[in-house]
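What follows is a single structure, written as structure tokens, with notes after it.
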Amino acid sequence: MSLDERVGPLILELRQWGITDKAVLDAIERVPRDLFLADHFKTRAYENVALPIGHHQTVSQPLVVAMMTVALELTDRSKVLEIGTGSGYQTAVLAPLCRRVYTIERHRELLRVAEERFEALNIRNVTAMAGDGSAGWPEQAPFERIIVTAAALDVPPLLFDQLAIGGIMVIPIGVDEHDQRLTKIVKTEDGAETTDLGGVRFVPLVAGMA
Ligand code: SAH
């Protein structure tokens, strides 16, 4: 089966859930999610479900990837910081929609495998680093967009500092698995405007290296 045939029903499902952003749907349509999964999960790659990626981590369900990507309002000028590379799937969806993605992962092994996938897919505008993402990437700041794909108790202050004025951060807030809110933050001259995008379930943002 071609990628189109496998991913088609998923795209339809995302549309039914209210995702209408054509650029985001196109990006999801072009990324072979099975390449980001271990062999025994590949058959489920195009289901709208979160799946294990090893080290007790998960790749988000495609609907959540889509919602977060839409909320970021990317342009081809955006310099994006991503915290929690994981499998690299969300990174691969972001990459064609922005200028460059800087991505940080605390598990060296996950990062190594994700980088191999970027290489295999010929994704050239991603720069990856092993580290504690809560500290951000000061050498590359400010970022027009920041996406955090692990749940934090609150917005990590160093990440907010590294967000450009007018920039957008999307982050799940709340560490209790059953009470996390996907939150969109727009940084203004004198503070921030916050929007609640709904309930989600992410693995926690953990301090330090794995
Ligand atoms: N976006 C990923 C899924 C992320 S799961 C994907 O598409 O596959 C959350 C990831 O965040 C895990 O890989 C976890 O190791 C990582 N993580 C958790 N805390 C972190 C931190 N402080 N800094 C960097 N990465 C972190």
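What follows is calculated from the coordinates using simple rules that are stated; it is not laboratory data. Here the structure is a predicted model, which is why all the values come from computation and not from measurement. Ideal geometry is used to build each Cβ from the backbone, glycine not excepted, and the neighbour counts take in all protein chains shown.
Spin-label model, Arg181 to Arg99: label points 7 Å out along the Cα-to-beta-carbon direction sit 3.2 nm apart. Among the trypsin sites (Lys or Arg not before Pro) in the stretch 43-94, those placed in a DSSP loop whose Cβ has at most 13 other Cβ atoms within 10 Å are Arg77. The trypsin sites (Lys or Arg not before Pro) of the stretch 116-210 that DSSP puts in a loop, and whose beta carbon has at most 13 other beta carbons within 10 Å, are Arg124. Near Glu47, once Lys and Arg are set to +1 and Asp and Glu to -1 for all other residues with Cβ below 14 Å from its Cβ, the sum equals +2.
Phi-derived couplings, Karplus 6.51 cos²θ - 1.76 cosθ + 1.60 at θ = phi - 60°, listed residue by residue for the stretch 136-151: x, 9, x, 5, 9, 5, x, 10, 6, 9, 9, 10, 10, 10, 9, 7 Hz, with x used for Gly and Pro. Between the residues His40, Gln162, Met209, the greatest Cα displacement towards the positive end of the dipole of the chain, with unit charges on the Cβ of Lys, Arg, Asp and Glu, is found for His40. The gain in end-to-end length when the Met1 to His40 segment is fully stretched comes to 12.3 nm, 0.36 nm per residue minus the alpha carbon separation.
Taking Lys and Arg as +1 and Asp and Glu as -1, the other residues whose beta-carbon sits under 13 Å from that of Pro138 total -3.
Counting only C-alpha contacts under 8 Å and six or more residues apart, can you give the relative contact order of the chain as a whole percent?
Working: 416 pairs, mean separation 32.3, N = 210.
Taking the mean separation of contacting Cα pairs over the length of the chain, I get 15 percent.
Principal-axis analysis of the Cα atoms of the chain puts helix 62-71 at an angle of about 40° to the longest axis. Can you give the angle from 0 to 90° between the axis of helix 108-120 and the longest principal axis of the chain, with both taken from C-alpha atoms, to the nearest 10? Rounded to the nearest ten degrees, it is 60.
Taking each DSSP H run with n ≥ 4 as -39500 (n - 2.57) and averaging over every residue of the chain yields -8000 deg cm²/dmol at 222 nm. Candidate cross-link partners of Lys187 among the lysines, defined by an alpha-carbon separation under 28 Å and a same-chain spacing of 8 or more, comprise Lys22, Lys79. Exposed loop positions in the chain were taken to be GluC sites (Glu not before Pro) whose DSSP state is not H, G, I, E or B and which have at most 13 other beta-carbon atoms within 10 angstrom. Between these positions, the longest stretch is 1-176.
Would you mind working out the magnitude of the charge dipole of the chain relative to its Cα centre, with +1 at each Lys and Arg C-beta and -1 at each Asp and Glu C-beta, to the nearest 20 Debye?
Values: 21 positive and 29 negative charges, 82 e Å.
In total the dipole reaches around 400 debye.
For the stretch 15-58, no residue has its backbone nitrogen under 13 Å from a point 7 Å from the Cα of Arg108, taken along Cα to Cβ.
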